[in-house]
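Participant: Below you will find the structure I want to go over with you.
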Amino acid sequence: MDNIEKDDINKITESDKSLSYKQATPKTMKYIFGVFMVCIYLGMGYLMMVNFFQWDENFTWARYSLGALFILYGFWRGYRQFKRKY
């Protein structure tokens, strides 16, 4: 009878460990992914502003508009990431 109770206790503690590990991983991955995406948006905005993609001069207005939009959204996403409102 003692063996059954000890086995049950061991199973419960092992499942608690795995649950806490599974709960911590998505938070960490969400944070890393958020920082990565902030870098992507800011970088894409910069690349649009400096005409990295060699757009025609007819689309200069679109290039600057999209570059500004990417940069603004990157700052907004970074702000949300920093304030943990994400």
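Participant: Considering each residue of segment 44-61, count those that are assigned to a helix (DSSP H, G or I) and among the aromatic types (Phe, Trp, Tyr), and give that number.
Facilitator: Count: 3.
Participant: Continuing with this model, one more query. Quickly run through segment 53-70 and pick out the residues that are modelled with pLDDT of 95 or more and surrounded by 13 or more Cβ atoms within 10 Å (Cβ to Cβ).
Facilitator: Listed by number, the residues that qualify are ARG63, TYR64, LEU66, GLY67, ALA68, LEU69, PHE70.
Participant: Would you point out the residue of segment 71-86, among those that are in contact with a Gly (Cβ under 9 Å, 6 or more places away or on another chain) and under 26 Å from THR28 (Cβ atoms), that is surrounded by the fewest Cβ atoms within 10 Å (Cβ to Cβ)?
Facilitator: TYR86
The values are calculated or read from the model by the stated rules, or taken from the named source; none is laboratory data. These figures come from a predicted structure and were not determined experimentally. Ideal geometry is used to build each Cβ from the backbone, glycine not excepted, and the neighbour counts take in all protein chains shown.
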